[in-house]
Amino acid sequence: MGLLCIYVPEEVISAAGVLPWRITGSWEESTTQASFYRPEMTCRYCSHVLESVLAGDLDFLDGVATTQVDDDFKRLWDVLKYINKPPFQHIMYLPHTISKNTLGMWHRSVGEFIQAMEKFAGVTIKDDDILKQIEIYNQMRDLLHRVYQMRKNQTPPLTGSEVLSLTTAARIMPKEEFNLEVESLLPYLETRKPEMNNNKPRLLLCGEFLDNPDYVQIVEDAGAMVVMDELDTGSKYFTGMVDSSKDDPLGQLADRYMNRPGLSRMGDWHSQANQIIAWVKEYDVQGVVELRQLYSLPLDYRSFYLSKILEEVGIPYLSINREYHPSHMGMLSTRVEAFVEMIQ
Amino acid sequence: MSSLNKPGLAYLKNEMARCERRIKKINEKPDPAKPKSNILLYELERDLRREQIEACEKGKPLGITGLGPLTRAMGMTPWDAIMAADRTHGNAATEYFAQVRKLGMPDHTCDRCSILVPMILNGDFPKPNFLFTSNFECLPVFLAHNLLAEYLQIPKFNIDRPFNNYMGERNEEQLQYVTDQIKEMVEYIETTVPDCKYNEERMIELLEYDRQYLQTFQELWKLKAAIPCPLNGRESFREIRLSNMYPDPAKAVKYMRLYVDEVGERVEKGLGAAQPEEKLRLLWSVAGPFYDDPFSWLEQRGVAVPAAEMTVYNGWFSGREPIWGDPWNGRQLSPLEEEARQFDFVWGRLGSDWVNTHLHSCRDLHLDGIIYFLQWGCPVSNNLGRVVAEEAEKQLGIPTLLIEGRMLESSGYNQKDFYAKLGDFIDVCTAWKEKRL
């Protein structure tokens, strides 16, 4: 089941015996086929995903699930529905604020998703099935959290691009298998001594739909260490456990997906800024680099607000546009190098 | 800061002066080709600006709670910044875009939302005392409002609604969901914004004016179907305000009545906008180059534009969706439930509704083609243009022109190229029409 955003509760898909697979779009420069439906100046991740679908690169998917997190995603889903590819499509209603009222409707939306998955997979999903998956997913979150804790070390055992590769594996692998791999990796990481200069500035990387490690690599090649991220493909993917202590697995599951750090399409930018500031302190970060995906409006708008807030608390901040696929790397590299020099 | 050194007053005073000039001109030398009712419209607009100026000067609450009458029923003067931004095209827009770039903001988003931010930050339009945001509008409007609220620390409340409309299967529950949020918003405003208190009697009164206003507008939709089309394209394209936006809603209802009667007279006389005779009828969708007048150019070539598929209200105008009351069981809705119903229009729904509203308009008004304006930075509309085009061809046998552009920023506009594309499209529509007939 292909996923387009982090709000779709993966535990439900796994409980139906289906593999959740976060979709990566085509990394090719051209989106010729997608441009038939989507003009150039729209979310590039969505365009590259559509390109992959139309080119047949995602024919292995049996279905796709998303929320209407923003208009670009809603319209991508509309087009997938229109062309009926992949053969199953589901869109969940996602509230954009958290209150008792909106959480109630979100619970209902998750309930409808369970019904849709039952129909799709021809199974009945029981509370126990969900509980079992909550346990497996919580273990994955805990393991990734432990890896991230090591990034607080003076010399982190993993580079930022290596961490992105690891979270990418988490997003597409069967979770039990992933957990076993990470469990065996942890002892090695605890003793790993990478050849890294401790004097490099420590950076936090912001961005959305950033799934190509090359982009993290150019930041690190500019002479910095990426020690924390605010990526939906990184920390935001696994931050926040599902509380499995209560007698309402569905409710607890739904709440976790709403309560963890949100995408910029959610209007709580004040909380998002506070989360970044907290991580800056926690990870001893000296600057924040944001690689905004071109034509992705929410992050564009949030960055204007974020620049004001981070300036007020004295945190250096660089926000620049990037393509979805690797492009203009030299130009980006120059901008990041200048920023790194400035904060050194 | 504006030259008058009072945030918001420069724009408002200019608009007021513009309305006064037009009223004077109509009184002194009326143009027989234009509706006589225009004078009432300019008076309504002038009075709204005057009221906003007074709110600024006397510190009365200024804000927006949605498109329904709740804003006024809460004791606020409506803050219509998005529509105000629409009126700053040409050089003014280019100047604002220069500021947008200087601020480091994206310049590829929807024009009206891009302009809105420097317009408010400069103090060229007043800073509101309260803002609502919602997922039922397009993403850029949400983001612009959210940015202003967060950046300027303006009290805000977000209303969420599911994307299935109230005619969908979840109906009553959805309505209750949105109504409950509106009740929360009312409480929030009462405790956060000074001098605001919900007045249900006022709410009921304003809802009644809106209902009368919309009923009259439904008559206009039927008149638009007349051949030849009595309306010129600019009239079709006007984004109307509901009567509740004006300080004197009774006058707004009167204006709409007079205007529709005048259009009716044109229909009776067989008068059409297209010259020398109507050869084609087109739908203009989303937005257009407001700094130019392609409608007159089309009309001079025998092409009428009876409707614009850009407004949020076409479902109501056309009578396809009920404008009042419970659409399922005939139950009378409470005033706040009626307000909740207004948080439901096609921009917030899924794509099938977007496509269908285009097809319905084409059927209702006997149209021969669609000009679909791909406005930069509008993900709701841009990403469905091709699907609309395919379905219009498949279901109605009519062509669609997908034409890219900006509605306010004109520095990159090439009129010759734009009109050449329109000219080619006229030829295509004519050929397809002959084939259909």
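The values are calculated or read from the model by the stated rules, or taken from the named source; none is laboratory data. These numbers come from a predicted model, not from an experiment. In this analysis, Cβ positions are derived from the backbone assuming ideal geometry, glycine residues included, and neighbour counts consider all displayed protein chains.
In the stretch A:4-23 there is at least one residue that is within 30 Å of B:Tyr372 (Cβ to Cβ), outside the structural domain of A:Leu231 (by TED's automatic domain parsing) and either of a type in the set (D, E, K, R) or touching a Gly at 6+ places or on another chain (Cβ under 7 Å) (or both).
Within this structure, B:Ala92 passes the test of being free of Cβ contacts under 8 Å to residues at least 60 places away in the same chain and aliphatic (A, V, I, L, M). Here is the figure for the stretch A:150-196: residues that are part of a helix (DSSP H, G or I) and under 18 Å from the mean Cα position of the chain (by Cα) total 15. Filtered by the rule that a residue be more than 14 Å from every other protein chain (Cβ to nearest Cβ) and either touching an Asp or Glu at 6+ places or on another chain (Cβ under 7 Å) or surrounded by fewer than 20 Cβ atoms within 10 Å (Cβ to Cβ) (or both), the stretch A:316-337 gives A:Pro316, A:His325, A:Pro326, A:Ser327, A:His328, A:Met329, A:Gly330, A:Met331, A:Ser333, A:Thr334, A:Glu337. Hey, could you check the stretch A:99-119 for residues that are touching a helix residue (DSSP H, G or I) at 6+ places or on another chain (Cβ under 6 Å) and within 10 Å of chain B (Cβ to nearest Cβ) and say which is farthest from A:Leu54 (Cα to Cα)? Looking at residues that are touching a helix residue (DSSP H, G or I) at 6+ places or on another chain (Cβ under 6 Å) and within 10 Å of chain B (Cβ to nearest Cβ), I get A:Asn101. Residue count for the stretch A:43-66 under the criterion of being of a type outside the set (A, V, I, L, M), closer than 30 Å to A:Arg108 by Cβ and facing chain B (nearest Cβ under 10 Å): the result is 2. Of the residues making up the stretch A:207-215, one or more are in contact with a Pro (Cβ under 9 Å, 6 or more places away or on another chain), within 27 Å of A:Lys74 (Cβ to Cβ), touching a residue at least 60 places away in the same chain (Cβ under 8 Å) and not in a helix (DSSP H, G or I). The conditions of being buried (at least 18 other Cβ atoms within 10 Å of the Cβ) and among the small types (Gly, Ala, Ser) are met by B:Gly315.
Scanning the stretch B:120-145 for residues that are facing chain A (nearest Cβ under 10 Å) and of a type in the set (D, E, K, R) gives a single hit, B:Glu137.
The condition (being hydroxyl-bearing (Ser, Thr, Tyr) and under 30 Å from A:Gly17 (Cβ atoms)) is satisfied by just one residue among A:Tyr257, A:Tyr283: A:Tyr257.
For the stretch B:175-219, a residue qualifies if it is in contact with a Phe, Trp or Tyr (Cβ under 6 Å, 6 or more places away or on another chain), closer than 15 Å to A:Lys100 by Cα and at pLDDT below 95, and exactly one does: B:Val178. Is it true that some residue in the stretch A:291-308 is within 16 Å of A:Ala222 (Cα to Cα) and more than 14 Å from every other protein chain (Cβ to nearest Cβ)? Yes; the residues of the stretch A:291-308 include at least one that is within 16 Å of A:Ala222 (Cα to Cα) and more than 14 Å from every other protein chain (Cβ to nearest Cβ).
Rundown of residues vs (1) farther than 30 Å from B:Ser134 by Cα; (2) without any contact (Cβ under 8 Å) to a residue 12 or more places away in the chain; (3) assigned by TED's automatic domain parsing to the domain that holds B:Lys127, yes/no style:
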{"residue": "B:Glu15", "(1), (2), (3)": "no, no, yes"}
{"residue": "B:Lys25", "(1), (2), (3)": "yes, yes, yes"}
{"residue": "B:Pro35", "(1), (2), (3)": "yes, no, yes"}
{"residue": "B:Leu41", "(1), (2), (3)": "no, no, yes"}
{"residue": "B:Leu48", "(1), (2), (3)": "no, no, yes"}
{"residue": "B:Glu51", "(1), (2), (3)": "no, no, yes"}
{"residue": "B:Lys58", "(1), (2), (3)": "no, yes, yes"}
{"residue": "B:Gly66", "(1), (2), (3)": "no, no, yes"}
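Is it the case that A:Gly122 is within 24 Å of the chain's Cα centre (by Cα) and among the small types (Gly, Ala, Ser)? Spelling it out, it is not the case that A:Gly122 is within 24 Å of the chain's Cα centre (by Cα) and among the small types (Gly, Ala, Ser).
Just wondering, is there one or more residues in the stretch A:188-201 that are surrounded by 21 or more Cβ atoms within 10 Å (Cβ to Cβ), in the same structural domain as A:Tyr295 (by TED's automatic domain parsing) and closer than 27 Å to A:Arg256 by Cβ? No, the stretch A:188-201 contains no residue that is surrounded by 21 or more Cβ atoms within 10 Å (Cβ to Cβ), in the same structural domain as A:Tyr295 (by TED's automatic domain parsing) and closer than 27 Å to A:Arg256 by Cβ.
With respect to the conditions (1) more than 14 Å from every other protein chain (Cβ to nearest Cβ); (2) on the phi < 0 side of the Ramachandran plot, B:Glu172 lacks only one, and its number is (1).
Take B:Asn158 and decide whether it is in a strand (DSSP E or B), at the interface with chain A (Cβ under 9 Å from one of its Cβ atoms) and more than 18 Å from B:Leu350 (Cβ to Cβ). Yes: the conditions hold for B:Asn158. Contact map, the stretch B:372-389: first residue over 18 Å from A:Asp70 (Cα atoms) and within 7 Å of chain A (Cβ to nearest Cβ), second residue crowded, with 24+ Cβ neighbours inside 10 Å and among the polar types (S, T, N, Q), Cβ cut-off under 7 Å, separation 6 or more or different chains; pairs are B:Leu374/B:Asn382. Scanning the stretch B:70-88 for residues that are under 16 Å from the mean Cα position of the chain (by Cα) and in a loop (DSSP other than H, G, I, E, B) turns up B:Trp79, B:Asp80, B:Arg87, B:Thr88. Taking first residues from the stretch B:73-87 that are not assigned by TED's automatic domain parsing to the domain that holds B:Leu207 and partners that are in a helix (DSSP H, G or I) and among the hydroxyl-bearing types (Ser, Thr, Tyr), the Cβ contacts under 7 Å between residues at least 6 apart in sequence or on separate chains come to B:Pro78/B:Thr71; B:Ala84/B:Tyr11. If you filter the stretch B:101-119 down to residues that are more than 12 Å from chain A (Cβ to nearest Cβ) and under 10 Å from B:Ala81 (Cβ atoms), you find that the one that is surrounded by the fewest Cβ atoms within 10 Å (Cβ to Cβ) is B:Met119. Filtering the stretch A:185-206 to residues that are closer than 29 Å to A:Leu318 by Cβ and of a type in the set (Asp, Glu) leaves only A:Glu195. A single entry from A:Tyr237, A:Tyr257 fulfils the requirement of being touching a Ser or Thr at 6+ places or on another chain (Cβ under 7 Å) and touching a residue at least 60 places away in the same chain (Cβ under 8 Å): A:Tyr237.
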